[in-house]
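The next block holds one structure in the form of structure tokens; read it before the comments.
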Amino acid sequence: MSRISRSRWLVLGVLSATMLMTVLDGSIVTVAMPAIQRDLGFAPAELSWTVNAYLIAYGGLLLLAGRLGDLIGRRAMFLAGNAVFAAASLLAGAATGPGALIGARFLQGVGSAMASAVVLGILVTTFTDAGERAKAIGVFSFTGAAGASLGQVLGGVLTDALGWNYIFLVNVPIGVVTIALAVRALPAERGLGLSAGADAVGALLVTAGLMLGIYAVVQIERYGLRSLWFGAVSLVLLAAFLVRQATARTPLMPLRILRSRAVAGANLVQVLTLGAMFAFQVMAALFMQQVLRYGALDTGLAMLPAALAIAGVSLFASPRLSTRFGARAVLLGGLVLLIGAMAWLTRVPVDARYVTDLLPVMVLIMGGGLVLPALTALGMSGARSDDAGLVSGFFNTTQQVGMAVGVALLSTLAASRTEGLLAGGASEAVALTGGYRLAFTVSLVLLVSALVAAYVVLRRPRAGVEQAAELQPERV
């Protein structure tokens, strides 16, 4: 391997480490929440804000952080984001009360948004060869799958062995090492300059709109239809942002990125797919704990085959298949496997056996290892060198929106169905199973919609040119 190649793979290692921290931080907290509530005196209604504060800051700032990365330099944004995240993790680990922890979690979300918004932009500008880029995206997706599977297990181990503080403190040395390696590995670059897109009004509109929209989603279980008012205001702000971008002299988000069939289509498919996928991860875990009475560690181990299948396919099979057949074909094949997994879950019985009723789902869910890298490749394929951070931030934003909306929507539907069955005299186990079946059925509809959208929107242009050609004059 040449020195240049070694340098590029070091860059991938640095980016993957940041991805791992971000994914871990999104899942590791859930296992430690009972211990956090007990030690810090959280009221039950406040406890969810240990997650919500992070999600609102992270999802709300991704688009802005991605564009700022293009303007001031993606390397500078990446380093600053990791520094903020590490400092916030130290504050979270040292928190002595609910307010301090919630504030630190919000700051963690800010740091995560700053760093992760530009990682895909750095990746696609570093790996310009199609074959190497496919391998790099596979490794990057593998890291995300590994983080998702490790989060709950690692959270339980750290909380039981050392205390909940260490689920945050473990990020500090990882962040310091990542920053040190990034300083060495990431090439120095000059951004476009703030004058190329310093739209303060647009930045305010999009950040407020996204934060308010995510707030509406994460609060829907608590406030029900009342949260729709926040959602409506969010939509008004985002619509005003689009109008602003169409008329601003130096727009924060040039609307030309949405003219790419690949970019628009991949982000649409991502919202639908991750809404179903993330809901599967949450709902399947709840079914095993609440209906089958699995413990936290047993649930993590039961979900492990799914994570390993996704990770293995994304690391080994996806790059080869994408190089040979193209990202669109791989995406369609992966969606078919996910549809099979979700269809299997819609018939899960109240007395489900793991080997016959759940393990086949964990195997079929390997389709996620084909879908996620393919979506990343398609979503970033139209990025120009001066827009790569923005396209990366946009891609990560729709990812967070898909997950948040999926969990909120399906959790609400499942709870409503369960309450209806309980009112009709059903046992708790039967009522819970009925609610989860409804959630899995809606997830199935989302995945079928994603398949149709991928087939229709991401079809090859008739002229035989690349899908990203709409984003002229320059592609990376």
Run L338 past the list (1) surrounded by 23 or more Cβ atoms within 10 Å (Cβ to Cβ); (2) modelled with pLDDT under 95 and report the number of the one that doesn't hold.
(2)
Got at least one residue in the stretch 186-198 being of a type in the set (D, E), assigned by TED's automatic domain parsing to the domain that holds A83 and touching a helix residue (DSSP H, G or I) at 6+ places or on another chain (Cβ under 9 Å)?
yes
Taking the stretch 43-57 and keeping residues modelled with pLDDT under 80 and either among the hydroxyl-bearing types (S, T, Y) or within 24 Å of A161 (Cα to Cα) (or both) leaves L47, S48, V51
Of residues in the stretch 288-317 being within 22 Å of the chain's Cα centre (by Cα) and not hydrophobic (A, V, I, L, M, F, W, C), the one farthest from T376 (Cα to Cα):
T299
From the set of residues in the stretch 254-270 that are crowded, with 20+ Cβ neighbours inside 10 Å and within 21 Å of the chain's Cα centre (by Cα), which is farthest from G389 (Cα to Cα)?
V269
Only one of these is surrounded by fewer than 15 Cβ atoms within 10 Å (Cβ to Cβ), over 19 Å from L375 (Cβ atoms) and not assigned by TED's automatic domain parsing to the domain that holds T398: V233, V243. Name it.
V243
In the stretch 107-122, residues that are surrounded by fewer than 24 Cβ atoms within 10 Å (Cβ to Cβ) and over 17 Å from the mean Cα position of the chain (by Cα) total 1
For residues that are surrounded by fewer than 24 Cβ atoms within 10 Å (Cβ to Cβ) and within 23 Å of T250 (Cα to Cα), scanning just the stretch 40-78, find the one that is nearest to the chain's Cα centre (by Cα).
L64
Out of V405, V361, which single residue is over 17 Å from L62 (Cβ atoms), assigned to a helix (DSSP H, G or I), in contact (Cβ under 8 Å) with a residue 40 or more places away in the chain and not assigned by TED's automatic domain parsing to the domain that holds L210?
V361
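The values are calculated or read from the model by the stated rules, or taken from the named source; none is laboratory data. All figures in this text were calculated on a predicted structure; none of them were measured in a lab. For neighbour counting, all protein chains shown are included, and Cβ atoms are generated from backbone atoms with ideal geometry for every residue, glycine included.
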